[in-house]
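The values are calculated or read from the model by the stated rules, or taken from the named source; none is laboratory data. Just so you know, these numbers come straight off a predicted model, no measurement behind them. Quick reminder, even Gly has a Cβ in these numbers, built from the backbone with ideal geometry, and neighbours come from all protein chains shown. Keep in mind that these areas ignore ligands, DNA and RNA; they rest on the heavy atoms of the full protein, side chains included. Shrake-Rupley method; radii C 1.70, N 1.55, O 1.52, S 1.80 Å.
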Amino acid sequence: MSPFASLLAIPFPAIDPVALQLGPIVVRWYGLAYVAGLLLGWLYLKRLLATPRLWRDDTPPFSPITVDDLFVWVAAGVIIGGRLGHVLLYQPGYYLSHPVEILYVWQGGMAFHGGMLGTILAMWLFARRHAIPALSVMDSVSAAVPIGLFFGRIANFINAEVVGRETSAPWGVIFPGWGPAPRHPVQLYEAALEGVVLFAVIWWFTSRPRPRLAPSGLVLTLYAMFRIAVEFVR
């Protein structure tokens, strides 16, 4: 790394992880980011289901009102699955010694893999409960996935977690707790690719009438490509 790299690096912005505190009630940006992703995804999905021309025979697989129930199932799948994924994959020893901290989701620590598996299980259970084809539910929810991914990566950045490798690039960031060397802000790379770019592609795909609205395969393919690309600097 160049000796001038640290001079060119961008200091980590002084973001207080606590957005609001009212007495014993603490609201963190990390939690608000996940809430924003879930709420905006919920609203976007309701809009898609309220546009019959996008669906085969002008008939959405379920009504916009049913999305309210789906939102609860997906939110539970994202939070429980994401947290358990982080606990089991990254720090099982620590959480075995501090089991109560498994509940401290507001402090950070959510794994995409766990969140994806939790969401898939939640959608399958929702589909069975409402007698809807599971693939139709998954295809519908996939259109809103980039919104959640975007806010999730922004939450990672605010918490200075999941940082990249050391870099001499002028946009390297010196993250607190990760030493004096600037590092790739991979959270922002992923927010741009998995959030903005992926949403733009899926929006284009879903905004035109097709025999069947099936973006789930496209979402998984593009996500895998973007994730592999970012892994080179993670």
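Assorted remarks:
- FRET efficiency for the pair Ala169 and Ala224, taken as 1/(1 + (r/R0)^6) with r the Cβ-Cβ distance and R0 = 25 Å, rounds to 0.50.
- In the chain, the DSSP beta bridges split such that about 75 percent are antiparallel, to the nearest 5.
- Nearest 10 degrees, 0 to 90: helix 145-158 Cα axis against the chain principal axis: 20
- Most mobile of Leu103, Leu149, Leu40 in a GNM of the chain (Cα contacts under 10 Å): Leu103
- In this structure the chain gives 54 Å² per residue of accessible area when probed at 1.4 Å with all protein chains present.
- These residues, Phe62, Phe151, go from largest to smallest accessible area, 1.4 Å probe, as Phe151, Phe62.
- Ranking Leu39, Leu45 by solvent-accessible area of protein heavy atoms (1.4 Å probe, all protein chains present), from largest to smallest, gives Leu39, Leu45.
- Carbon plus sulfur fraction of accessible area for the chain, probe 1.4 Å, in percent: 72
- Here the convex hull built on the C-alpha positions of the stretch 32-130 has a volume of 102 cubic angstrom per residue.
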